[in-house]
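Worksheet: the structure to be examined is printed underneath.
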Amino acid sequence: QEDIFKNVVSHAKEYGFIFPSSEVYDGLSAVYDYAQNGVELKKNIREYWWKSMVQMNENIVGLDAAILMHPTTWKASGHVDAFNDPLIDNKDSKKRYRADVLVEDHAEKIHQKAQKEIDKAKARFGDAFNEQEFVTTNARVIEYLAKEKEIRERLGRSLGAGDLADVKALIEELEISDPETGSKNWTEVKQFNLMFGTKLGASAENAMDLYLRPETAQGIFVNFLNVQKSGRMKVPFGIAQTGKAFRNEIVARQFIFRMREFEQMEMQFFVRPGEEMKSYEYWKETRLKWHLSLGLGKENYRFHDHEKLAHYANAAADIEFNFPFGFKELEGIHSRTDFDLKAHEEYSGRKLQYFDPELNENYVPYVVETSVGLDRMFLAVFATSLKEETLEDGSTRTVLKLPAVLAPTKAAVLPLVKKDGLPEVSRKIIEDLKWDFNVAYDEKDAVGRRYRRQDALGTPFCITVDHQTLEDETVTIRHRDTMKQDRVKITELRGIIENEVSM
Ligand code: ATP
């Protein structure tokens, strides 16, 4: 698995998808730049999301709020006081860790032990195996799962109560050691606020302390009434937004999975109080369907319902994805109650209420949020699509089997040779197609090598112009995944490509 992950990182760099930020200065930890192909893939994911939210739903509209916001926003939202990670240092190695992650990883290891027992029994009993019965009767599995549950619940309780001494006690009781050095010599657990601070204004005395937003959601909440009134929106309705968010993450060693500057795609759905659970269930299912529509494989997704709820939520679930380093959160769906709007009412002294003409009453709506990281989506799509294939003749090829709708370049036009007018015909095909798709031109190297290069970039189609083209206006079109080649008329190209790549 580690090898797969290394391949992903190096392929992303070699083929112009992702570079470390300011690499000439040796980079900046957990900050990355999207290169010529990465920026296209990222844009296409964003558009795929935006279309499914804003274009396809009459009652969802978009917003692009500023990154900088009035600082009271973050007081009201709870971020100033509660947007913390509990961290712990190892006195011997001087390494810093997230205390909750250490405990969760420990719980996960116990879970793996139970899973191992289950897998062993499954292999032994074959078709006759009844997993449900096994997990409720096998003493060892019962013990493992109970232990896991106990640890997770205790962690949830102590974090919920802000009891950091108990988190430390838990780490000691479980004899958790430094994952890198094995030392068990820990400091106390401290809270660490994840927001980046900055200053507005020129003179030192008058400067105002600001934060870079740690989530895009608050820009939606403070604009809730502006959008509702100016758009004459009726509850239930949603506001969608994509944009940068910033978090001073402590654990930052997972490429674009956990970045200090990243992009979120969030939608806040405003509903009548009491209707939030129905809406929450609806959005859980709807968002999973959206993910599945990309065809990365059903088995790569699972829901994780939260036992430990954030201060603003009455129900929360993650859609987890099977990343190269295991199942991890990709998207969060949260029932945020009226917490945020009420808090902004309180801190601003302004009413943020909606008059419901059907009920003939005023209320503060409840909110269901869907929040997915664009960079995490990128990693999910990119890592899952990257394949090493052994071909019939024994040779291998690297192919990036991106969903065609997301591919940075939809087709490459390749003249078989660099003469006899073939480049000119190729250029003419590009001139025609480029109004609708990103199309590339490549005339360098043998055509086989050019195919491989487009495979590695995820280009769904290669169009080859040869001498026959000059006679009958046909070309070959090669399909990335099957490598099958068809002879078609130039005039048919647009339709063939369109059919595969349209959203
Ligand atoms: P995690 O538990 O992994 O830190 P979170 O629960 O803090 O994530 P949310 O606050 O729910 O995350 O943010 C919503 C989404 O934003 C996440 O599901 C994830 O896809 C994305 N996200 C959050 N933090 C980061 C980050 N540091 N880098 C990249 N994406 C992130």
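Bear in mind that the values in this text are calculations on the coordinates, not laboratory data. Keep in mind the model is a prediction, meaning the values are calculated, not measured. Cβ placement follows ideal geometry from the backbone for every residue including glycine, while neighbour counts extend to all protein chains displayed.
Here is how the numbers come out for the structure above:
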read-out	value
Environment charge at Phe83 (Cβ cut-off 13 Å; Lys +1, Arg +1, Asp -1, Glu -1)	-1
Calculated FRET efficiency for the pair Glu299/Glu133, C-beta based, R₀ 30 Å, to 0.05	0.80
Compactness relative to 2.2 N^0.38 Å, alpha carbon Rg of the range 275-321	1.25
Full-stretch length increase - Ile496, Glu117 - with 0.36 nm per residue and alpha-carbon distance subtracted	131.4 nm
Rule-of-thumb Rg ratio for the range 1-148 [Cα; 2.2 N^0.38 Å; N residues]	1.61
Lys/Arg +1, Asp/Glu -1 at C-beta; the range 409-501 dipole; positive extreme among Ala456, Leu422, Val488	Ala456
Positive-pole candidate from Ile88, Val227, Ala128, dipole of the chain, charges at beta carbon	Val227
Under 19 Å from the Cα of Lys6 - lysines, other chains or at least 8 residues apart	Lys328, Lys387, Lys401
Mean projection area, nm², convex hull over Cα of the range 351-431	12.7
Viscosity 1.002 mPa s, 20 °C: Kirkwood-radius Stokes-Einstein D of the range 176-248 over Cα pairs, µm²/s	128
Size of charge dipole - the range 383-445 - debye, nearest 20, with Cβ of Lys, Arg +1 and Asp, Glu -1, no other charges	200
Dimensions (Å) - the range 189-298, Cα atoms, principal axes, largest first	49, 41, 29
Those lysines that a straight Cα-Cα span of less than 16 Å connects to Lys113, excepting residues fewer than 8 apart in one chain	Lys122, Lys147, Lys149
Fraction of antiparallel bridges per DSSP, the range 409-501 only, in percent to nearest 5	55
Projected-area average for the range 135-217 over all orientations - Cα convex hull basis, square nanometres	10.5
The range 84-193: equivalent-ellipsoid semi-axes (sqrt of 5 x gyration tensor eigenvalues, Cα, Å)	33, 15, 10
Dipole magnitude (debye, nearest 20) for the range 84-193, charges at Cβ of Lys, Arg, Asp, Glu	180
Paired Rg and Dmax values of the range 409-501, which use every Cα atom, in angstrom	11.8, 32
FRET efficiency, 1/(1 + (r/R0)^6) with R0 25 Å, evaluated for Asp393 and Lys444 via beta carbons	0.60
Fraction of antiparallel bridges per DSSP, the chain only, in percent to nearest 5	85
Rg and Dmax of the chain, Cα atoms only, in Å	26.4, 81
Cα-Cα P(r), the range 273-369, percent of pairs per 10 Å interval	15, 36, 28, 15, 6, 0
Calculated [θ] (222 nm, deg cm²/dmol) that DSSP helices of n ≥ 4 give over the chain, each run adding -39,500 (n - 2.57)	-11500 deg cm²/dmol
Order by protection proxy (mean Cβ within 10 Å, highest first), peptides 182-192, 475-485	475-485, 182-192
Point-charge dipole on Cβ atoms (K/R +1, D/E -1) for the range 233-375, about Cα centre, debye to 20	340
